[in-house]
Every structure is written in structure tokens, then in C-alpha cells.
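Visitor: Right, I'll just put the structure down here and ask away after.
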Amino acid sequence: MRLLIFFITMILSLLFTDFAKAKNLPKVDEGKSITCDDKKPKPVRVTFGRVTVLNFPFKPKDVVPGNQSFDFKQIKNDLIIMATSFTGKTNAVVYLEDRRCSFDLITVKSGGDDILTVKDPKDSQYEMRF
């Protein structure tokens, strides 16, 4: 009987410990966005050992990196970026159908951008005729 109580106590303490750890986890920043700009590069922080996803309104046509510090993979409207070195830093240009977006990529140890939605500032402009 004492052995049973011991095991139940151990299981409950493990459950409460995991619950306490889960409460202290950092919150995921959902809905983080970045604007597409071809003149002023936007910073993108890529955590080494993790991927960063840039989600575009439509599929990118081509990606031109400044150097080989990062690896790129395109899947539908997403551009997946992986750091290939601990201290990588470069720029990259992403070509879309009728425009290009410029980014400054930097490798960070932690706290990088996981998923960024790329917004086009021209999409928010409306033509009004008088």
C-alpha cells in the first residue's frame, strides 16, 4: 500500500512539474508581419538550428542571396530560410511577379523570427477617382 501511494505521489509531482514548466514557456507571437520593400532592406532574424518562414501573398519567382550563409527552400507561397553558420549575415532579394523585396538576414542564437507574413504596402493603397 505504501508503495502504491509512493508511485501516485511521484506521478502527481511529475505532472505538476511539467504543468509549471509549460506555464513559463515563451508565448508564440502569432501574426507577425513585415513589409515588402525594394529600397530599404527589412531585418529578418534566423535562429541557428531552426527555420524561419517568410510567407508571401503569392509564390516567389526567385531568391538571390548575397552569400552562402543561408539556405533557402520554396514551398508554395513560403520561403524557408535556414542558417548554415553561427555568424551568418547577408542580404537577400526575393523576386515576385511584378516587384522585388529586399531583406537583411542575420543569424541569432535565440529569439529569431519563426514565421513572418510579408505584406505589400501597395496592397493597402486604393485608387480613388474624383
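Read the figures in this text as sums done on the coordinates, not as results from a lab. Being a predicted model, the structure only gives us computed values, none of them experimental. All Cβ positions, glycine included, derive from the backbone under ideal geometry; neighbour counts span all protein chains shown.
Visitor: Taking amide H atoms as placed 1.01 Å from N in the peptide plane, list the residues 5 or more away in sequence, or in a different chain, whose amide H sits under 5 Å from that of D120.
Guide: So D120 has HN proximity to C36.
Visitor: Can you tell me which of 108-116, 46-54 comes out highest on packing, and rank the rest after it, using the mean Cβ neighbours within 10 Å?
Guide: Highest-to-lowest ranking by the protection proxy: 46-54, 108-116.
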